[in-house]
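Structure record follows, encoded as structure tokens.
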Amino acid sequence: MRRDYFTLDVRGIDWVEEGGSPATPTVVIDFEGPADELEARLTGFDDELLSAAQTDVALRLQGDVDDDGVTGVVSVTNRVTGDFVLELNEQASDVLRFIRAARAYGKEADSDERYRVIIRIDGEDLTIYGKSTFLVYDREGHLLRQHSLIPSGVEL
């Protein structure tokens, strides 16, 4: 699937820098392409949509994490098969800011959920995932633990 079929909108992160009541950081990914293709990628062996536990969310940097303007590829993958469900290009600084907000929210929340991912097709919700892990990799594929959102007690 083409990356330009996707748009990404982020909500619930400004409270970290501006103060105020904590809100669940949420990323809304809207798909404007062939719906059947995305639905097929989001469907498991049981012909049901993948659950949050069956997916992983990650950022793969395209340059050095400390460089201004570095971009990255945000991906949602099928944890069982390892297949990419979707990928889109984003500014790394924006994604890292989102991860920091999710980390702060985790300190305030009464649940394991640190952030939400809403996947839409042409503006209509297809699925919503409550997630606690967001992995960040450098361009060579090495995990950057200090930038990733990894719940305590989880070993990778």
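Every number here is computed from the coordinates shown, using simple stated rules; none is lab data. A quick note: this is a predicted structure, and the numbers were derived from the prediction, not measured. Using ideal geometry, Cβ is built from the backbone for each residue, glycine included, and neighbour counts are taken over all protein chains shown.
Here are the numbers:
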| item | result |
| --- | --- |
| Fluctuation leader among ALA101, ALA23, ALA53 - the chain, Gaussian network, Cα springs under 10 angstrom | ALA53 |
| Ellipticity estimate at 222 nm from DSSP helix runs (n ≥ 4, -39,500 (n - 2.57)) divided over the chain, nearest 500 | -5500 deg cm²/dmol |
| Rounded to 10°, Cα long-axis angle of helix 92-108 versus longest principal axis of the chain | 70 degrees |
| Sites matching GluC sites (Glu not before Pro) across segment 1-100 that sit in DSSP coil, with at most 16 neighbouring C-beta atoms within 10 Å | GLU32, GLU48 |
| Candidates GLY44, GLY63, GLY19, ranked by Gaussian network fluctuation over the chain, Cα under 10 Å, top entry | GLY19 |
| Most mobile listed residue (THR133, THR55, THR81) in the chain, GNM with C-alpha springs under 10 Å | THR81 |
| Contact order relative to length of the chain, as percent, for alpha carbon pairs under 8 angstrom and 6 or more apart | 24 percent |
| Two-site FRET efficiency, ARG145 against ALA53, from Cβ-Cβ distance with R₀ of 25 Å, rounded to 0.05 | 0.70 |
| Most positive-pole-ward Cα, SER93, PHE134, SER152, against dipole of the chain from beta carbon charges | SER152 |
| For the chain, the longest site-free run once trypsin sites (Lys or Arg not before Pro) in DSSP loop states with at most 12 other Cβ atoms within 10 Å are removed | 3-144 |
